[in-house]
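The values are calculated or read from the model by the stated rules, or taken from the named source; none is laboratory data. Computed from a predicted model, the values in this text were never measured in an experiment. Positions of Cβ are generated from backbone atoms using ideal geometry, with glycine treated the same way; all protein chains shown enter the neighbour counts.
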Amino acid sequence: MKGIVLAGGTGSRLFPLTKITNKHLLPIYDKPMIFYPIQALVDAGIRDILLVTGGRNSGDFLRLLANGKEFGLAHLNYTYQEGEGGIADALALAEHFADGEKICVILGDNIIQGSIAAAVQAFEKQERGARILLKQVPDAERFGVAELVGDRIVGIEEKPARPKSPYAVIGIYLYDGTVFEKVRRLVPSRRNELEITDVNNAYIQEGSMSYSFLDGWWTDAGTFESLLRAANLVAETSVSKSGDEDQAAESATSAPQ
């Protein structure tokens, strides 16, 4: 399976921070934001990765990431999105890279605590269609929200005033090779963008959408509030992990020989 990180856009909600850099190059605690989605793919066993970027600072990604050696990669692929056509428009640029294979798409501002390996493995066994990841949240109206009937997902509504469930569709999507045909059939939304929710609903309508629940915390980092939340969550997790490692080392040192 191949991985695609979508890191374009202007980051207007984070202005003036994004006046001189791409949103996905901003720091989340001790690493640039873009490190986290790439690491999530690598930890799930995905080594063939394409980064879709855009804007005036796209060259900074190459200077920062090079060929992905820091992630244990032999090579990292890049492509450029002109303008702001939406998430599905950015995804369309990956068709040649995907070359008919299954893909795992992750938005560049998605930060997760846990692993997506189980979802990736489940999708590898899935004959066709798509799989999305869901997370229960207290403010579902901020996101695309999944409507579930029994164990089936019957629809996704974008930023509903009255959510039909507390389950947000997080920015990690697994698709088969038909995704690009679905993108080509999309009609621009009121924002004049090609919406990823419309892609997901196309899979739902043909009865080939499945889902997994994400373990651990998740946040986006596209606003000042969520950028701060992401940094705090990563910091707390890092401190907790460091404390556990120190305690384990101390126990090993003090254990009777």
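Would you call Gly155 of a type in the set (Gly, Ala, Ser), surrounded by 14 or more Cβ atoms within 10 Å (Cβ to Cβ) and in contact with a strand residue (DSSP E or B) (Cβ under 7 Å, 6 or more places away or on another chain)? Spell out the reasoning first.
Values: of a type in the set (Gly, Ala, Ser): yes; surrounded by 14 or more Cβ atoms within 10 Å (Cβ to Cβ): yes; in contact with a strand residue (DSSP E or B) (Cβ under 7 Å, 6 or more places away or on another chain): yes.
It is true that Gly155 is of a type in the set (Gly, Ala, Ser), surrounded by 14 or more Cβ atoms within 10 Å (Cβ to Cβ) and in contact with a strand residue (DSSP E or B) (Cβ under 7 Å, 6 or more places away or on another chain).
Being within 22 Å of Gly9 (Cβ to Cβ) and of a type in the set (D, E, K, R) is the filter here, so list the residues in region 35-90 that pass it.
At the first step, the residues of region 35-90 found to be within 22 Å of Gly9 (Cβ to Cβ) are 35-41, 49-65, 68, 76-90.
Within region 35-90, Arg56, Asp60, Arg63, Glu82, Glu84, Asp89 qualify.
Any residue at all in region 172-183 that's exposed (fewer than 14 other Cβ atoms within 10 Å of the Cβ) and either at pLDDT 95 or above or part of a loop (DSSP other than H, G, I, E, B) (or both)? Break it down stepwise before answering.
Step one: of region 172-183, the residues exposed (fewer than 14 other Cβ atoms within 10 Å of the Cβ) are 181.
Restricting the remaining residues to those that are either at pLDDT 95 or above or part of a loop (DSSP other than H, G, I, E, B) (or both) gives 181.
Among the residues of region 172-183, at least one is exposed (fewer than 14 other Cβ atoms within 10 Å of the Cβ) and either at pLDDT 95 or above or part of a loop (DSSP other than H, G, I, E, B) (or both), which makes the answer yes.
Quick one: which of Gly54, Gly86 is of a type in the set (Gly, Ala, Ser) and in contact with a strand residue (DSSP E or B) (Cβ under 8 Å, 6 or more places away or on another chain)? Steps first, please.
Working: Gly86 fails: in contact with a strand residue (DSSP E or B) (Cβ under 8 Å, 6 or more places away or on another chain).
Exactly one residue qualifies, and that residue is Gly54.
Residue check, Val199 against (1) modelled with pLDDT of 95 or more; (2) of a type in the set (A, V, I, L, M); (3) touching a strand residue (DSSP E or B) at 6+ places or on another chain (Cβ under 6 Å), all met but one. Which one?
Among (1) modelled with pLDDT of 95 or more; (2) of a type in the set (A, V, I, L, M); (3) touching a strand residue (DSSP E or B) at 6+ places or on another chain (Cβ under 6 Å), Val199 violates only (3).
Checking the structure you have, find out if any residue of region 123-146 is crowded, with 20+ Cβ neighbours inside 10 Å, of a type outside the set (A, V, I, L, M) and under 23 Å from Lys23 (Cα atoms).
yes
Does any residue in region 220-236 that is in contact (Cβ under 8 Å) with a residue 24 or more places away in the chain come within less than 6 Å, Cβ to Cβ, of a residue that is in a helix (DSSP H, G or I) and surrounded by 13 or more Cβ atoms within 10 Å (Cβ to Cβ) six or more places away or on a different chain, and which pairs are these?
Asp220/Ser226; Ala221/Leu227; Ala221/Ala230; Gly222/Arg13; Thr223/Arg13
Residues that are under 13 Å from Ile204 (Cβ atoms), touching a Phe, Trp or Tyr at 6+ places or on another chain (Cβ under 6 Å) and not aromatic (Phe, Trp, Tyr), at least 2 per element: which strands (runs of 3 or more DSSP E) completely within region 125-164 meet that? Outline the logic, then answer.
On the way: elements: 130-136, 144-149, 152-158.
Per the criteria, 130-136.
Please work out which one of (1) in a loop (DSSP other than H, G, I, E, B); (2) touching a strand residue (DSSP E or B) at 6+ places or on another chain (Cβ under 8 Å) is the condition Val105 fails and give its number.
Only one criterion in (1) in a loop (DSSP other than H, G, I, E, B); (2) touching a strand residue (DSSP E or B) at 6+ places or on another chain (Cβ under 8 Å) is unmet by Val105, namely (1).
Between Asp48, Asp60, Asp99, which is within 24 Å of Asn201 (Cα to Cα) and not β-branched (Val, Ile, Thr)?
On the way: Asp48 fails: within 24 Å of Asn201 (Cα to Cα); Asp60 fails: within 24 Å of Asn201 (Cα to Cα).
Exactly one of Asp48, Asp60, Asp99 is within 24 Å of Asn201 (Cα to Cα) and not β-branched (Val, Ile, Thr), namely Asp99.
For region 158-172, does any single residue satisfy the condition of being small (Gly, Ala, Ser) and free of Cβ contacts under 8 Å to residues at least 12 places away in the same chain? Walk me through how you get there before you give the answer.
As a first pass, look at region 158-172 and keep what is small (Gly, Ala, Ser): 161, 165, 168, 171.
Those still in the list that are free of Cβ contacts under 8 Å to residues at least 12 places away in the same chain too: none.
The answer is no; no qualifying residue exists.
Return the pair list, or none, for Cβ contacts closer than 8 Å from residues in region 72-84 that are touching a residue at least 24 places away in the same chain (Cβ under 8 Å) to residues that are surrounded by fewer than 16 Cβ atoms within 10 Å (Cβ to Cβ) and hydrophobic (A, V, I, L, M, F, W, C), at least 6 apart or on different chains.
Correct list of pairs: Leu76/Ala66; Tyr78/Leu62.
Looking at this structure, is Ala230 among the aliphatic types (A, V, I, L, M), out of contact with any Leu (no Cβ under 7 Å at 6 or more places or on another chain) and modelled with pLDDT under 90?
On the way: among the aliphatic types (A, V, I, L, M): yes; out of contact with any Leu (no Cβ under 7 Å at 6 or more places or on another chain): yes; modelled with pLDDT under 90: no.
No; evaluated as a whole, the condition is false for this residue.
What are the residue pairs meeting all of these: first residue in region 189-205, first residue touching a residue at least 40 places away in the same chain (Cβ under 8 Å), second residue among the hydroxyl-bearing types (Ser, Thr, Tyr) and part of a helix (DSSP H, G or I), Cβ atoms under 9 Å, and 6 or more apart or on different chains?
So the pair list comes out as Ser189/Thr197.
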